[in-house]
Amino acid sequence: MRIVPPAIAAVLLIVPATVQAGTVAIRVVDAGGQPVPDAVVTLHPAAGVPTGPIRFPWASTMVQKNIAFNPGTLIVPVGATVAFPNQDKVRHHVYSFSKPARFELKLFGQDQSRSFTFTTPGTVALGCNIHDAMSGFIRVVDTPFADKTGAEGTTRIANVTGGRARLTIWHPRLKAKQNEAVFALDVPATGEIAKRITVVLR
Ligand SMILES: [Cu+2]
């Protein structure tokens, strides 16, 4: 009979039984090397996304304030019900003609809210019938590995399932089919991979 030395036995005990996962650090820049904020970064591991509900640390809320959608781009998990509170003194009439969700939230005023449930992944462009300049986007995603780039054009997504993955960058001005650029990425089983992505904006 083989005896496992105590030191090795202790190491075996502390190895977690979870899937190996790494961190993906993305920096999105435009053709001139300038950071691209508010780009939506999503990762779909070839091994599949973890089962269970997708939750993000931000609210599924699209506020109308100062005659603008806030945030300008909102990421929500597929199946999310998004609230549209009006914090302006004027009335808004929110609509979308986008394929994943065609809807209309007819005239509603200050401190009123409406909601809509997004059941199809994809991009939803929002407008307002009253204020032509109002423009907003909801990116409905079917992966928990999603985030928006900050002012520096960067984001860091942790606990991503290791192995081959599809990396998608979306931005409303990205010059590509459906405003998306898609890449293959090898996510490390532990530690971090950093990737700089150059996109062409219109
Ligand atoms: Cu409006």
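For the residues Thr23, Thr51, Thr117, a GNM of the chain with alpha-carbon springs under 10 Å puts the largest fluctuation on Thr51.
All other residues with a Cβ under 13 Å from the Cβ of Arg114 taken together, and with Lys, Arg as +1 and Asp, Glu as -1, what is their net charge? Here the count lands on 0. Dividing the Cα radius of gyration of the chain by its Kirkwood radius returns 1.10 for Rg/Rh. Thr119 label point, 7 Å along Cα→Cβ, cut-off 15 Å on backbone N: hits in region 65-85? Once the point is set 7 Å along Cα→Cβ of Thr119, 78-82 turn out to lie under 15 Å by backbone N, inside region 65-85. Charges were assigned to the Cβ only: +1 to each Lys and Arg, -1 to each Asp and Glu. The resulting dipole of the chain about its Cα centre is roughly 260 debye.
Mean sequence separation of contacting Cα pairs (under 8 Å, at least six apart), scaled by the length of region 22-176, corresponds to a relative contact order of 37 percent. Across the accessible surface of the chain, with the other protein chains kept in place and a 1.4 Å probe, carbon and sulfur atoms take up 54 percent. Near Leu167, within a Cβ-to-Cβ distance under 14 Å, what is the net charge of the other residues, with Lys and Arg +1 and Asp and Glu -1? Net of charged neighbours comes to +3. Counting only lysines at least 8 places from Lys195 when in the same chain, those with an alpha carbon closer than 17 Å to its own are Lys148. Length gained on full extension, Asp142 to Gln34: 36.0 nm, using 0.36 nm per residue less the C-alpha separation. For a straight C-alpha distance cut-off of 20 angstrom, the lysines reachable from Lys99 (same-chain residues fewer than eight places away being disregarded) are Lys175, Lys177. Normalised per residue, the accessible area of the chain is 55 Å², obtained with a 1.4 Å probe and no contribution from ligands, DNA or RNA.
The local environment of Thr81, defined by Cβ-Cβ distances under 14 Å, has a net charge of +2 under the rule Lys, Arg +1 and Asp, Glu -1.
Partners of Lys89 within straight-line reach, counting aspartates and glutamates whose Cα lies under 12 Å from its Cα and excluding those fewer than 8 residues away in the same chain: Asp111. Put a dot 7 Å past the Cα of Gln112, heading toward its Cβ, do the same for Val200, and the two dots end up 4.5 nm apart.
The values are calculated or read from the model by the stated rules, or taken from the named source; none is laboratory data. Since we're looking at a predicted model, the values are computed, not measured. In this analysis, Cβ positions are derived from the backbone assuming ideal geometry, glycine residues included, and neighbour counts consider all displayed protein chains. SASA here: full protein model, heavy atoms, side chains in, ligands and nucleic acids out. Shrake-Rupley method; radii C 1.70, N 1.55, O 1.52, S 1.80 Å.
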